[in-house]
Each structure stands twice: as C-alpha cells, then as structure tokens.
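Working notes for the structure below.
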Amino acid sequence: MNLSAAIPIIRIFSVAKAKEFYLDYLGFTLDWEHRFEEGFPLYAQVRRSDLVLHLSEHHGDATPGSTVFVPVVDIDALHRELEARQYAYARPGIEVLDWGRQLQVADPFGNRLRFCELAKV
C-alpha cells in the first residue's frame with residue numbers, strides 16, 4: 001500500500017478574493033475549476049511547486065479558520081517574494097521557533113498557511 005500526500009481543502013467565500021490571495025499574492029497557479037451548474041459554488045485546485053490545495057465554496061467541505069502547515073526550503077526567498085508583491089492585507093514576518101523559522105499568512109476567510117523552514121536536527 002502507498003499513501004499519497006494529503007490535499008487540504010480550504011473553505012472560501014469569494015472567488016475574487018480567493019484568486020487575489022492564492023494566485024496573485026501567494027503565486028499559486030489554477031489547475032482547474034468545477035461547478036455542478038452555473039451559479040453553483042466553486043470547487044478548484046491550485047498548485048505551487050509540490051503544494052496542492054483545494055479551494056471550496058461548498059458549505060460542508062471545510063471549516064473556516066483552519067491551518068495548513070507547509071514545510072519550505074529557503075523561507076527567506078519566499079519572504080522577499082511576498083514583500084515585493086505589496087499585498088494590502090498582509091505583511092508577514094519570519095518568526096524563529098524551536099522547530100524552525102516560520103512565516104504565517106491568513107487568507108481573507110480566516111484560514112492560515114504556516115510556511116516553515118524546519119530546523120536542522
């Protein structure tokens with residue numbers, strides 16, 4: 001048996017705000033979008049490197065206010081990239097913790113992404 005990497009489902013409430021945050025600010029690309037019919041809630045997949053997320057407007061798919069922990073290599077490069085984008089709603093810094101250096105951002109829906117460069121053991 002082989003288990004694959006999990007794909008977190010992130011609850012969203014506005015497609016425009018989700019695209020502004022995940023695509024324009026964080027640099028994800030949109031893989032696909034799905035709606036059962038026109039005017040129905042969006043379900044979409046975004047990707048950046050090996051990180052895949054599902055974004056869902058569907059009521060029962062996920063809980064707003066969730067956190068996704070994302071291991072990253074070269075957190076300083078990510079920090080510089082995000083700072084250069086001048087996103088109006090976030091200016092994250094890097095926090096030094098026992099387990100590594102972490103940069104946390106909150107999306108417009110209260111979900112958090114914790115990017116962490118793990119400490120060398």
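The values are calculated or read from the model by the stated rules, or taken from the named source; none is laboratory data. Predicted model, so just to flag it, every value in this text is computed and none were measured. Heads up, the Cβs are rebuilt from the backbone with ideal geometry, glycines too, and the neighbour counts pull from every protein chain shown.
List pairs: first residue in the stretch 74-90 and without any contact (Cβ under 8 Å) to a residue 24 or more places away in the chain, second residue part of a helix (DSSP H, G or I) anywhere in the structure, Cβ distance under 6 angstrom, at least six positions apart or on different chains.
Matching pairs, first to second residue: none at all.
Could you look through the stretch 35-67, keep only residues that are within 16 Å of P108 (Cβ to Cβ), of a type in the set (A, V, I, L, M) and at pLDDT 95 or above, and pick out the one that is surrounded by the fewest Cβ atoms within 10 Å (Cβ to Cβ)?
Restricting attention to the stretch 35-67, the residues satisfying the condition of being within 16 Å of P108 (Cβ to Cβ) are 42, 44, 46, 53, 55-57, 62-67.
Now restrict to residues that are of a type in the set (A, V, I, L, M): 42, 44, 46, 53, 55, 62.
Now restrict to residues that are at pLDDT 95 or above: 42, 44, 46, 53, 55.
Working: L42: 16, A44: 21, V46: 22, L53: 22, L55: 27.
Checked the stretch 35-67; the qualifying residue surrounded by the fewest Cβ atoms within 10 Å (Cβ to Cβ) is L42.
Being among the basic types (K, R) and farther than 30 Å from V121 by Cα narrows it down to one residue among R80, R48, R35, R91; which is it?
Just a single option satisfies the conditions, and that option is R35.
Name the residue that is farthest from the chain's Cα centre (by Cα), counting only residues in the stretch 1-20 that are part of a loop (DSSP other than H, G, I, E, B) and of a type in the set (G, A, S).
S4
Select from the stretch 68-81 the residues that are under 14 Å from the mean Cα position of the chain (by Cα) and either at pLDDT below 95 or of a type in the set (A, V, I, L, M) (or both) and list them in ascending order. Before you say what the answer is, go through the steps one by one.
As a first pass, look at the stretch 68-81 and keep what is under 14 Å from the mean Cα position of the chain (by Cα): 68-72, 78.
Of everything in the stretch 68-81, those that are under 14 Å from the mean Cα position of the chain (by Cα) and either at pLDDT below 95 or of a type in the set (A, V, I, L, M) (or both) turn out to be V68, V70, V72, L78.
Please go through the stretch 51-106 and give me each residue that is of a type in the set (V, I, T) and under 15 Å from L26 (Cα atoms), ordered by number.
V52, V68, V70, V72, I75, V105
Can you tell me which residue in the stretch 68-121 is surrounded by the most Cβ atoms within 10 Å (Cβ to Cβ), limited to those that are of a type in the set (D, E) and not in a loop (DSSP other than H, G, I, E, B)?
Once the filter is applied, the top-ranked residue is E117.
For L23, state whether it is closer than 22 Å to R11 by Cα, assigned to a strand (DSSP E or B) and touching a residue at least 12 places away in the same chain (Cβ under 8 Å).
no
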